[in-house]
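What follows is a short report on a single structure.
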Amino acid sequence: MRTVPLTSFPDDELDPALSPDGRLVAYAWKGGTKDRINIYVQQVDAGTPVRLTKEPGREGSPTWSPDGRYIAFARGSLEAGKSGIYVIPALGGPERQLYATDCNKLDWSADGKYLVFSGRSSEQGPSYHA
């Protein structure tokens with residue numbers, strides 16, 4: 001096994017996730033902005049990162065669908081109704097909100113039919129898993 005850095009960009013790069021075939025990595029990164037963290041994807045062995053999301057807010061926990069076609073992610077936003085779980089094609093395209101919630105981590109089931117997540121119904125509310 002060898003260790004190879006994938007990126008060396010300024011600011012924090014968070015929540016890396018390898019695609020099922022191991023060729024791509026998705027991660028959250030500020031990308032030089034102060035008010036948002038977006039989801040990026042890039043080839044493991046070369047290439048320039050592609051920014052998948054463009055909305056204001058803090059995005060994270062990118063998770064590949066088992067077939068590698070989609071990335072689910074969590075978005076936190078100050079705009080009403082914008083926080084939630086989203087899915088976007090792995091190589092870019094329109095995103096779709098699946099569920100409105102404040103969520104921390106998520107993952108796909110092996111068959112790709114379900115997403116499991118942890119979150120809160122409010123800042124004061126108890127944690128739950130769905």
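The values are calculated or read from the model by the stated rules, or taken from the named source; none is laboratory data. Computed from a prediction, not measured in an experiment: that's the story for all the values here. Ideal geometry is used to build each Cβ from the backbone, glycine not excepted, and the neighbour counts take in all protein chains shown.
Return the residue satisfying two criteria in turn: it lies in the range 25-45 and is free of Cβ contacts under 8 Å to residues at least 24 places away in the same chain and not in a strand (DSSP E or B), and of such residues it is surrounded by the fewest Cβ atoms within 10 Å (Cβ to Cβ).
Per the criteria, the residue is Lys34.
Name the residues in the range 79-101 that are free of Cβ contacts under 8 Å to residues at least 24 places away in the same chain, among the small types (Gly, Ala, Ser) and assigned to a loop (DSSP other than H, G, I, E, B), would you?
If the condition is that a residue be free of Cβ contacts under 8 Å to residues at least 24 places away in the same chain, among the small types (Gly, Ala, Ser) and assigned to a loop (DSSP other than H, G, I, E, B), then Ala80, Gly81, Gly93, Ala100 are the ones that fit.
Go through the range 56-88 and give me each residue that's touching a Phe, Trp or Tyr at 6+ places or on another chain (Cβ under 9 Å) and exposed (fewer than 14 other Cβ atoms within 10 Å of the Cβ).
Listed by number, the list holds a single entry, Pro66.
Which one of the conditions (1) modelled with pLDDT of 85 or more; (2) in a loop (DSSP other than H, G, I, E, B); (3) surrounded by 13 or more Cβ atoms within 10 Å (Cβ to Cβ) does Gly22 fail to meet, given that it meets all the rest?
Looking at each condition in turn, Gly22 falls short on (3).
Just for the range 32-86: of the residues that are of a type in the set (A, V, I, L, M, F, W, C) and touching an Asp or Glu at 6+ places or on another chain (Cβ under 6 Å), which one is nearest to Leu106 (Cα to Cα)?
Once the filter is applied, the top-ranked residue is Phe73.
Any residue in the range 106-113 that is farther than 25 Å from Val50 by Cα, among the acidic types (Asp, Glu) and in contact (Cβ under 8 Å) with a residue 12 or more places away in the chain?
Taking every residue of the range 106-113 in turn, at least one turns out to be farther than 25 Å from Val50 by Cα, among the acidic types (Asp, Glu) and in contact (Cβ under 8 Å) with a residue 12 or more places away in the chain.
Looking at Ala74, Ala28, which one is out of contact with any Cys (no Cβ under 6 Å at 6 or more places or on another chain) and at pLDDT 80 or above?
The conditions single out Ala28.
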